[in-house]
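One structure is given below, encoded as structure tokens.
Taken together, the values in this text are just the output of simple stated rules run on the coordinates, not laboratory data. Because the structure is a prediction, the values reported are computed rather than measured. Don't worry about glycine lacking a Cβ; one is built from the backbone with ideal geometry, like all the others, and counts go over all protein chains shown.
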Amino acid sequence: MRTGLLFLTVFFSVSILGAQPRTYRILGTIDRPVAEEWIYMDKYMGNGNDLDSARIVENRFEFTGTASVPELCCLFFDPGRRETRRYGMARVFNEPGNTEILLCLKDMFRGSEVKGGPVNREYFDKDQYLTVRFYQPMDSLTRLRATASPEDRERLGAEIEAVRQALVQSNLTYIKANLGSPAALVVFSTICASVPLPEREQMLEGFHDDLKQCNVYRAMAASLQPEAR
């Protein structure tokens with residue numbers, strides 16, 4: 001069963017690539033009134049060249065466009081803050097068809113909900129798994145370590161590092177099995193710096209050719225250039 005599911009995941013991931021640009025429609029709702037009149041969207045790890053905007057009307061907004069390859073996009077209110085624009089307050093893939101997103105102003109990054117196609121489902125299901133299996137335990141250990149005795153701090157630090165290493169290995173297994181997946185490409189960006197340089201170069205080269213036009217891929221590839229090291 002695991003092999004069959006893996007085949008279907010890889011087959012689907014590749015099947016959405018290599019196509020002509022297709023239309024996406026992102027329908028957003030904000031969970032409470034806001035003072036802002038506009039919301040902005042840019043590609044994950046973008047440089048502002050793809051910045052888009054939508055007017056907020058009665059707590060609702062809409063982004064439409066075309067994309068040859070689904071890319072993770074960031075939603076935010078202030079386009080002047082570079083890091084907010086680059087990494088975003090809430091995230092959604094611009095995959096073909098309709099995608100709905102509910103923005104939770106209390107915690108846009110973790111609290112927002114996305115309902116969309118298979119790329120968004122793959123990414124957010126994976127994110128939920130990583131949060132429960134790795135990020136929450138690391139957060140708990142980090143809080144304990146902050147007030148622990150020197151002896152316990154050393155032990156807790158070792159436990160945190162063990163969880164982090166397990167996170168990297170779990171992600172590497174997933175990524176290597178899904179080199180045609182836009183979601184796997186984004187996950188790789190979160191652990192790229194933890195992967196030895198030769199393996200990092202090999203993995204980047206192994207991604208599907210159509211994914212190499214994505215902003216996140218170009219950013220990671222640029223970091224491998226000698227002048228960026």
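At a Förster radius of 22 Å, what calculated FRET efficiency corresponds to the Cβ-Cβ distance of Glu36 and Gln128, to the nearest 0.05? The partial results should precede the final answer.
Numbers: r = 28 Å, r/R0 = 1.28.
Taking R0 as 22 Å, the efficiency between Glu36 and Gln128 is 0.20.
By how many nm would the segment from Ser68 to Asp107 grow when fully extended, if each residue of separation counts as 0.36 nm and the alpha-carbon distance is taken off? Before the final figure, lay out the partial values.
Numbers: separation 39, 0.36 × 39 = 14.04 nm, distance 3.07 nm.
Stretched out fully, the Ser68 to Asp107 stretch lengthens by 11.0 nm.
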Worksheet item: For segment 170-176, in order, what is each residue's ³J(HN,Hα) by Karplus, 6.51 cos²θ - 1.76 cosθ + 1.60 with θ = phi - 60°, in whole Hz (x at glycine and Pro)?
Response: 4, 5, 4, 4, 5, 5, 4
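Mind sorting Asp42, Asp152, Asp50 by how few other Cβ atoms lie within 10 Å of their own Cβ, fewest first?
On the way: Asp42 24, Asp152 12, Asp50 15.
Lowest count first: Asp152, Asp50, Asp42.
Using r as the Cβ-Cβ distance of Arg60 and Gln165, and R0 as 41 Å, what FRET efficiency do you calculate, to the nearest 0.05?
The formula returns an efficiency of 0.40 here.
Based on DSSP H runs of at least 4 residues, each adding -39500 (n - 2.57), what is the mean residue ellipticity at 222 nm of the chain after dividing by all its residues, to the nearest 500 deg cm²/dmol? Write down the numbers at each step before the final one.
On the way: 9 runs with 104 residues, N = 229.
Taking each H run of at least 4 residues, the total per residue is -14000 deg cm²/dmol.
At a Förster radius of 30 Å, what calculated FRET efficiency corresponds to the Cβ-Cβ distance of Arg121 and Gln202, to the nearest 0.05?
Details: r = 28 Å, r/R0 = 0.95.
FRET efficiency, Arg121 to Gln202: 0.60.
Cross-chain or 8 or more residues apart, Cα under 22 Å: how many lysine pairs in the chain fit that? Count them up, please. Walk me through the numbers before you get to the answer.
Numbers: Lys43/Lys115; Lys43/Lys126; Lys43/Lys212; Lys106/Lys115; Lys115/Lys126; Lys126/Lys176; Lys126/Lys212; Lys176/Lys212.
Step by step, the pairs that qualify in the chain add up to 8.
Given axes a ≥ b ≥ c from the Cα gyration tensor, I'd like to know whether the chain is rounded (a/c under 1.5), prolate (a/b larger than b/c) or oblate.
Numbers: a/c = 1.65, a/b = 1.20, b/c = 1.38.
Oblate, because a/c is 1.5 or more while a/b does not exceed b/c.
Do you know the relative contact order of segment 20-116, to the nearest whole percent, from alpha carbon pairs under 8 angstrom that are 6+ apart? Show your work: numbers first, answer last.
Values: 229 pairs, mean separation 33.0, N = 97.
Result for segment 20-116 is 34 percent.
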Worksheet item: Given Ser140, Leu224, Gln213, which one lies farthest toward the positive end of the charge dipole of the chain, if we put +1 on the Cβ of every Lys and Arg and -1 on the Cβ of every Asp and Glu?
Response: Ser140
Response to the item:
Contact order relative to length for the chain, counting C-alpha pairs under 8 Å separated by 6 or more residues, stands in percent at 19 percent
